[in-house]
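Taking it in order: structure first as structure tokens, then the write-up.
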Amino acid sequence: MPTFDKIYQFNFPTTIRFGVDAVKELPDYLAKNNLTRPLIVTDKTVASLPFFRKIVDDLKASKISVEVFSDIHKNPVKSDVYKGTDAYDASKRNSIVGIGGGAALDVARAIVLRANHREDLFKYDDLIGGDVFVTNEVPPFVTIPTTSGTGSEVGRSAIIADDETHQKKILFSPKLLARIVFADPMLTMDLPPAVTAAVGMDALTHNMEAYIAKMPHPICEGIALEGMSLISKSLERAVNKPDVESRANMLVASMMGAIAFQKGLGVVHSLAHPLSSLLDTHHGLANAVNIPYGMGFNISGFEEKFRRIARTLDLKNETGDGVVDYLFDLNSRIGIPHKLRDIGVKKEHIETLSDLAFADFAHPNNPKPVSREDFKQLYSKAL
Ligand SMILES: NC(=O)c1ccc[n+]([C@@H]2O[C@H](COP(=O)([O-])OP(=O)(O)OC[C@H]3O[C@@H](n4cnc5c(N)ncnc54)[C@H](O)[C@@H]3O)[C@@H](O)[C@H]2O)c1
Ligand SMILES: [Fe+2]
């Protein structure tokens with residue numbers, strides 16, 4: 001155990017309504033709280049799904065005025081947020097409901113910020129201390145996850161990229177927490193296998209990186225271990241033979257990952273982020289391919305933590321190498337390639353990727369330091 005000679009802050013505040021049909025509580029919640037003019041923020045795919053149309057119909061039946069904004073990119077950019085805020089203003093909304101995966105929920109959260117903070121959006125970038133400018137009230141915010149990956153529904157940050165440079169910025173403030181989450185596993189039942197696999201590996205990466213991240217936080221470490229255990233029991237089934245139990249386990253484990261990573265992330269997310277900004281790779285897929293290599297890098301010096309992970313995953317080989325083998329094997333079982341070249345990365349990308357990874361915000365919390373040369377070697381090994 002750490003000595004706690006410094007003071008750390010631990011937060012676990014969000015109300016989560018979790019279970020089959022939880023989403024049916026939305027109209028009543030909005031009506032009771034006088035939030036009768038919500039802007040619903042989603043993406044175009046989700047907006048076309050039957051469950052989404054049912055949510056909108058149920059809201060209308062409860063006399064809630066509905067305006068839908070779904071014009072967002074796969075990896076969201078600043079202009080998406082500006083357009084969404086225009087929609088919020090033009091239709092005189094009084095609250096925001098985000099419905100979707102991490103991309104839609106991040107745009108929704110960024111609109112929550114921008115509603116009453118009209119300086120350039122990236123003035124609020126947390127990495128340059130912009131969180132101190134988040135001083136005004138923000139509209140009430142409700143989240144409804146539909147992917148089981150990022151856990152953005154319980155987060156307080158939004159990852160938004162610059163339209164031109166594609167550099168990802170983090171907008172952060174405790175004010176950006178949802179007031180309530182309606183987490184309904186039925187909304188994730190039809191998520192296609194490849195997306196289920198990629199977002200599920202993002203959730204696993206959050207739990208695993210958070211567990212070993214530098215900051216001492218025993219509460220998060222307990223959550224992260226249980227999150228990993230649920231994923232090890234459920235991800236393969238959720239991908240290949242989905243049932244409500246496996247989908248529900250993935251949904252709760254993805255929120256556990258996001259709760260746990262207030263402790264920090266690490267080398268794997270820094271390897272993954274540049275793939276999204278440079279090559280538009282899905283965030284979860286980028287983590288999935290990189291995680292065995294990133295975890296392999298972290299073993300030496302942290303053998304005891306890896307032993308705990310191996311035990312949690314019920315592995316025969318209770319070592320870091322056992323964990324790395326497990327990760328490769330899990331990727332195989334859920335259809336994720338072992339090599340970066342299979343997801344479009346080329347040798348000539350490695351220098352730029354290494355620069356971007358070294359500049360990334362996640363790895364300073366990695367249990368051990370990561371140099372630019374380390375990134376280059378990890379990309380080369382994974383290529
Ligand atoms: N805020 C945070 O803390 C945080 C953390 C990690 C990642 N992120 C961000 O989250 C984003 C990735 O989110 P994601 O992995 O959830 O993917 P996503 O939101 O991009 O969704 C993946 C795909 O699944 C589709 N989809 C969503 N729900 C569906 C459903 N129920 N049925 C069928 N299709 C469905 C979407 O339309 C999309 O095409 C990235 O932009 C990343 O930067 C944010
Ligand atoms: Fe992630």
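The values are calculated or read from the model by the stated rules, or taken from the named source; none is laboratory data. The shown structure was predicted, so the numbers you read here are calculated from the model rather than taken from an experiment. Reconstructed Cβ throughout: ideal geometry from the backbone, glycine too, with neighbour counts over all protein chains shown. Remember, those area values only see protein heavy atoms, side chains included, never the ligands or the DNA or RNA. Shrake-Rupley method; radii C 1.70, N 1.55, O 1.52, S 1.80 Å.
Below, the figures for the structure above:
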{"read-out": "5 angstrom amide H check on ASP125, placed H, neighbours 5+ away", "value": "GLY130"}
{"read-out": "Listed residues MET215, MET186 arranged by accessible area, highest first, probe 1.4 Å", "value": "MET186, MET215"}
{"read-out": "DSSP-assigned coil residues among trypsin sites (Lys or Arg not before Pro) in the stretch 338-382, each with at most 12 further Cβ atoms within 10 Å", "value": "LYS339, LYS346"}
{"read-out": "Solvent-accessible heavy-atom area per residue, rounded to whole Å², over the stretch 273-381 at 1.4 Å", "value": "46"}
{"read-out": "Spatial separation of Cα centroids for the stretch 36-66 and the stretch 289-338, in angstrom", "value": "41"}
{"read-out": "Heavy atoms of ARG37 accessible to a 1.4 Å probe, total area in Å² rounded to 10", "value": "90"}
{"read-out": "Of GLY301, GLY84, GLY284, the one that fluctuates the most in a GNM where the chain has Cα springs shorter than 10 Å", "value": "GLY301"}
{"read-out": "Accessible surface, 1.4 Å probe, highest first, among residues PHE261, PHE375", "value": "PHE261, PHE375"}
{"read-out": "Lys, Arg +1 and Asp, Glu -1 on Cβ, resulting dipole of the stretch 61-197 about Cα centre, debye, nearest 20", "value": "320"}
{"read-out": "Anisotropy class of the stretch 192-350 from Cα gyration tensor, a/c 1.5 cut", "value": "rounded"}
{"read-out": "Nearest-0.05 FRET efficiency for ASP163 and ASN94, computed from C-beta distance (R0 30 Å)", "value": "0.55"}
{"read-out": "Mean Cβ neighbour count within 10 Å, used as a protection proxy, ranking 151-159, 189-197 highest first", "value": "151-159, 189-197"}
{"read-out": "Share of carbon and sulfur in the accessible heavy-atom surface of the chain [1.4 Å probe, %]", "value": "53"}
{"read-out": "Residues of the stretch 10-81: accessible area per residue with a 1.4 Å probe, Å²", "value": "53"}
{"read-out": "Spacing of the two label points (7 Å from each Cα toward its C-beta) at ASN240 and THR319, in nm", "value": "2.7"}
{"read-out": "Nearest-0.05 FRET efficiency for GLU303 and LYS6, computed from C-beta distance (R0 22 Å)", "value": "0.30"}
{"read-out": "Loop-located chymotrypsin sites (Phe, Trp or Tyr not before Pro) in the stretch 1-95, at most 11 other Cβ atoms within 10 Å (DSSP)", "value": "PHE4, TYR8, PHE10"}
